[in-house]
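Enquirer: My questions all concern the structure below.
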Amino acid sequence: MTDPRTPSRVALVTGASTGLGETIAEFLGGAGWQLVLTARTESDLAAVAERLTDRGVTVVAVAGDVGEAAHRERLIAEAGSLGRLDWLVNNASQMGVSPIRPLLDHPVDVFEKVLRTNVVAPVALAQLALPLLRKTGGLVVNLSSEAAVDVFPCAGIYGASKAALDQASRIIAAELTDTGVGVTCVDPGGMRTRGYAEAEPDFDLSGVPAPDVTLPFWKWLAQTSSGEVSGQRYMAQAGPWDTR
């Protein structure tokens, strides 16, 4: 087990300005991690970074689109400037057209953009981060969705992208066996987020839990070695997670 309060641990969290990404960033910052945070909306990201910095957390916040190669390269460089990288949390994602609509009603360029953000970017970031992760026995955490395994009409682009990410994660985990670097997928379950509200504006989210419902899972994962979880897919709201 690794002490989750080790001050030197560093995480790169994408999509960190709201929702689940913000929750993960706040948890890790509170546990003594240094953070590289990114999101597309600069004002939201700056607010999260300021709040964490005021609490004494070391935060490097870089607004931008993970779908762009130059931005990905800068993120990894910023992590390197902190001396190490322990977790790469690929949380940034796109739903497609909001409100959601049938798969065949989506413009092709939207499908391509979703795949670039939800599949290509996480794999590309892992590729760039690998040298740093090798040094720490680090972990790539790819955020999945129940839409990756179940059929939800009108969520086809998102679901297909998350299914692709799940499979890519399993393959990379197998390819990295014995390197000390782990790759895991996490299905956070249904949560009350801005993206969910925009995707289904007529759906009543009052009974859907907030992202902090996943905190017990993140506490468990932060105390578990990369090798123990690599190649696995977890449901954050289920538990106990050490029973497979």
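The values are calculated or read from the model by the stated rules, or taken from the named source; none is laboratory data. The structure displayed is predicted, hence computed values, not measured ones. Note: ideal-geometry Cβ built from the backbone for every residue, glycine included; neighbour counts use all protein chains shown. Ligands, DNA and RNA are stripped out before the accessible areas are found, and what is left, the full protein with its side chains, is counted by its heavy atoms. Shrake-Rupley method; radii C 1.70, N 1.55, O 1.52, S 1.80 Å.
Enquirer: Please list Cys185, Cys154 from largest to smallest accessible area, probe radius 1.4 Å, with all protein chains kept in place.
Expert: Solvent-accessible surface, decreasing: Cys154, Cys185.
Enquirer: Given a 1.4 Å probe and heavy atoms of the protein chains only, how would you sort Lys135, Lys162, largest accessible area at the top?
Expert: Ranked list, largest accessible area first: Lys135, Lys162.
Enquirer: Looking at the chain as a GNM with Cα springs under 10 Å, which of Thr177, Thr117, Thr14 has the largest mean-square fluctuation?
Expert: Largest GNM mean-square fluctuation: Thr177.
Enquirer: Kindly express, to the nearest 10 degrees and within the range 0 to 90, the angle between helix 42-54's C-alpha long axis and the longest C-alpha principal axis of the chain.
Expert: Approximately 30 degrees, to the nearest 10.
Enquirer: Quick one: Cα convex hull volume of the chain, Å³ per residue?
Expert: Roughly 118 Å³ of hull volume per residue.
Enquirer: Over the stretch 1-91, what per residue volume does the convex hull of the Cα atoms give, in whole Å³?
Expert: 82 Å³
Enquirer: Now, a different point. Take the alpha-carbon centre of the stretch 122-192, take the same for the stretch 214-239, and report the distance between them in whole Å.
Expert: Here the two parts' Cα centres lie 13 Å apart.
Enquirer: Over the chain, with the other protein chains present, what is the accessible area per residue in square angstrom, probe 1.4 angstrom?
Expert: Averaged over the residues of the chain, the accessible area is 45 Å².
Enquirer: Would you please give the residues with an amide H less than 5 Å from that of Val60, counting only those at least 5 places away or on a separate chain, with H modeled from the backbone geometry?
Expert: Leu35, Val36, Leu37
Enquirer: Once both labels are modelled 7 Å past Cα along the beta-carbon direction, what's the Val208-Ala70 spacing in nm?
Expert: 3.5 nm
Enquirer: Hey, with R₀ at 25 Å, roughly what FRET efficiency would Arg55 and Gln237 work out to, going by the Cβ-Cβ distance, to 0.05?
Expert: Between Arg55 and Gln237 the formula returns 0.40.
Enquirer: Could you tell me the relative contact order of the chain? Use alpha-carbon pairs under 8 Å, at least six residues apart, and round to a whole percent.
Expert: Averaging sequence separation for qualifying contacts and normalising by length gives 20 percent for the chain.
Enquirer: Ok, one more. Given labels modelled 7 Å from the Cα in the Cβ direction, how far is it in nm from Ala163 to Val110?
Expert: The modelled label-to-label distance comes out at 1.9 nm.
Enquirer: Just the number, please: carbon plus sulfur as a percent of the accessible area of the stretch 10-234, 1.4 Å probe, no ligands or DNA/RNA counted.
Expert: Carbon and sulfur together cover 51 percent of it.
Enquirer: Counting only other residues whose beta carbon sits under 15 Å from that of Arg116, what net charge do I get with K and R as +1, D and E as -1?
Expert: For residues surrounding Arg116, the net value is 0.
Enquirer: Angle, helix 19-30 long axis vs. longest principal axis of the chain, Cα atoms, 0 to 90°, nearest 10?
Expert: The angle comes out near 10 degrees.
Enquirer: Going toward the positive end of the dipole of the stretch 10-234, with +1 on Lys and Arg Cβ and -1 on Asp and Glu Cβ, which of Pro131, Ala174, Leu28 do you reach last?
Expert: Positive-end residue among those listed: Pro131.
Enquirer: Moving on. Determine the dipole magnitude for the chain: charges of +1 sit on the beta-carbon of Lys and Arg, -1 on that of Asp and Glu, nothing else is charged, the reference point is the Cα centre, and the result goes in debye to the nearest 20.
Expert: 620 debye
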